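J.: The structure follows.
The values are calculated or read from the model by the stated rules, or taken from the named source; none is laboratory data. Please read these numbers as outputs of a predicted model, since none were measured by experiment. Here the Cβ is made from the backbone with ideal geometry for all residues, glycine too, and neighbour counts use every protein chain on show. Just so you know, the surface numbers come from the protein's heavy atoms only, side chains and all, with ligands and any DNA or RNA stripped out. Shrake-Rupley method; radii C 1.70, N 1.55, O 1.52, S 1.80 Å.
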Amino acid sequence: MKKTPLRLCIVTRESLPKGSLLRIVKNKDGQVFVDDSFTLEGRGCYLKKDKNVILKAQKTNALSKALRCKVDSAIYQDLLNKIGG
């Protein structure tokens, strides 16, 4: 039986299965993307698929801290759209 990989949400600090998280990546050119495939290269971090978690991440600037760069508010809007928030 194959184990489900667990990843840490940067806001809630919970270890969750990859399927219940969103991955955000900064590539070597400094561009930030939402990684739907979980395979893009670069510095990545994970957020729980929860509207409140995404809004808290935006309020506390969690993605900017985790990715060590300025994250545009459009990324947060994209994340909310993906979960239907």
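J.: Distance in nm between label sites at ARG43 and THR12, each 7 Å beyond Cα in the beta-carbon direction?
T.: Distance between the two pseudo-spin positions: 2.5 nm.
J.: Shifting gears a bit: Does a label point 7 Å from the Cα of SER20, set along Cα-to-beta-carbon, have any residues of segment 45-68 with amide nitrogen under 17 Å, and which are they?
T.: 46-54
J.: In segment 1-42, what percent of the accessible surface is made up of carbon and sulfur (1.4 Å probe, ligands and nucleic acids excluded)?
T.: 52
J.: For Cα pairs less than 8 Å apart in space and 6+ apart in sequence, what is the mean separation divided by the residue count of the chain, i.e. the relative contact order in percent?
T.: 27
J.: Place the peptides 8-16, 32-40, 54-62 in order of packing, highest mean first, counting for every residue the other Cβ atoms within 10 Å and averaging per peptide.
T.: Most protected by this proxy first, the peptides run 54-62, 8-16, 32-40.
J.: Could you report the chain's accessible area per residue, 1.4 Å probe, as an integer in Å²?
T.: Accessible area per residue: 65 Å².
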